[in-house]
Every structure is written in structure tokens, then in C-alpha cells.
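As C-alpha cells, the structure follows; a few thoughts come after it.
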Amino acid sequence: MKRPTVSRPGFPASPCIDICSLDENDHCLGCQRSVQEIVAWSRMSAEEQWAVVNDLPLRRRLGNGP
């Protein structure tokens, strides 16, 4: 069951889709974020989070992480 995401004003919601499994390069197969991005997410600025979120469609198309 997908947990609800709470977004702070100006910040994107977490891209987590509860498919938390890492590939051989430590990128999540569900959200396409790197382990470093996942760990740092709550400490990132809104601009940093939006940069990650905006990059995710390309990562999905390419089938790999950052």
C-alpha cells in the first residue's frame, strides 16, 4: 500500500512509489533515485529536490539512474 506523501509548500512530493529495490549501481528500481539522493532527500533544498524530480522522466526512459 502506497503511503501518503506530505509535501512542504514549494517542495515536490517524494517520488517514492514503494518499490524499494536497488540495482547493481545502487539506484532504486522504483523511483530511479540514487541511494545518496534518497538518504539526503529530507535535507535537500526545494531547488535540489525539484532538480532530481525533473530528471526522473529521463532516467526512466534511459532505464538507469544518475
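The values are calculated or read from the model by the stated rules, or taken from the named source; none is laboratory data. None of the values given here were measured: they were computed from a predicted structure. Accessible surface is based on the protein model in full, side chains and every heavy atom, while ligands, DNA and RNA are left aside. Shrake-Rupley method; radii C 1.70, N 1.55, O 1.52, S 1.80 Å.
Across the range 11-43, the number of residues qualifying as small (Gly, Ala, Ser) and outside any loop (DSSP other than H, G, I, E, B) comes to 3. Within the range 35-63, the residues that satisfy the criterion of being open to solvent by less than 70 Å² (accessible area, probe 1.4 Å) and more than 20 Å from Ser7 (Cα to Cα) are Val35, Arg59, Gly63.
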